[in-house]
1. I'd like the full set of residues that are touching a Phe, Trp or Tyr at 6+ places or on another chain (Cβ under 6 Å) and open to solvent by 20 Å² or more (accessible area, probe 1.4 Å), limited to segment 41-59.
2. Go through segment 10-40 residue by residue and tally those that are aliphatic (A, V, I, L, M) and open to solvent by 50 Å² or more (accessible area, probe 1.4 Å).
3. Output the residues belonging to segment 92-131 that are in a strand (DSSP E or B) and touching a Pro at 6+ places or on another chain (Cβ under 6 Å).
4. Suppose we filter segment 102-124 for residues that are farther than 16 Å from Glu6 by Cα, more than 13 Å from the chain's Cα centre (by Cα) and either at pLDDT below 95 or of a type in the set (A, V, I, L, M) (or both); how many remain?
5. What helices (runs of 4 or more DSSP H) lie completely within segment 1-91 and have 1 or more residues being touching an Asp or Glu at 6+ places or on another chain (Cβ under 6 Å), of a type in the set (Gly, Ala, Ser) and at pLDDT 95 or above?
Amino acid sequence: MASGSEVAALVSSGALARAEQLLIDARSADRFAGENETIDPVAGHVPGARNHPYAGNLDASGRFLDAARLRQAWEATLRGASAQQLIAMCGSGVTACHNLLALEVAGHSGARLFAGSWSEWITDPDHPVARGPETER
């Protein structure tokens, strides 16, 4: 489990920007970008986070992809990093767990959860907020 203060320290130290740690947001691309926020009072994402919408773990019938396809998708998101470097988040911590399960099925163990996720992050007005799509690092 990762705390909000740990995530804040990763942002302020630049560890996310340098990809020493990964913060993976499971929300849809439009919510991540801050273009559509119907739940929380502030739109956007944690600076330095990457977006891997949980829906990408599913096939057209709504079932989990097989392990090989999940592994391929997650390796594109991890970009050479290990799951032990990953902290999963979303809006409130629920769909981040979907990504954590998908990682396990894909054979990437050891990721952690930021349970408070976006809803916790935005309770502190001093926390920075990024908007727009993920940028390649």
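1. The answer is Asn51, and nothing else.
2. Step one: filter segment 10-40 for residues aliphatic (A, V, I, L, M), giving 10-11, 15-17, 19, 22-24, 26, 29, 33, 39.
Next cut, open to solvent by 50 Å² or more (accessible area, probe 1.4 Å) only: 17, 29, 39.
Matching residues across segment 10-40 total 3.
3. So the first thing to find is which residues in segment 92-131 are in a strand (DSSP E or B), and the list is 112-113, 130.
Within segment 92-131, just Ala130 meets the criteria.
4. If we filter segment 102-124 for residues that are farther than 16 Å from Glu6 by Cα, which is where we start, we get 102-110.
Within this subset, residues satisfying the condition of being more than 13 Å from the chain's Cα centre (by Cα) are 104-110.
Imposing the further condition that a residue be either at pLDDT below 95 or of a type in the set (A, V, I, L, M) (or both) reduces the set to 105-106.
Final tally of qualifying residues: 2.
5. Values: elements: 4-13, 29-33, 67-78.
Per the criteria, 4-13.
The values are calculated or read from the model by the stated rules, or taken from the named source; none is laboratory data. Treat the numbers as computed from the prediction; the structure is a model and nothing was measured. In this analysis, Cβ positions are derived from the backbone assuming ideal geometry, glycine residues included, and neighbour counts consider all displayed protein chains. Side chains are part of the model used for accessible areas, which takes the heavy atoms of the whole protein and leaves out ligands, DNA and RNA. Shrake-Rupley method; radii C 1.70, N 1.55, O 1.52, S 1.80 Å.
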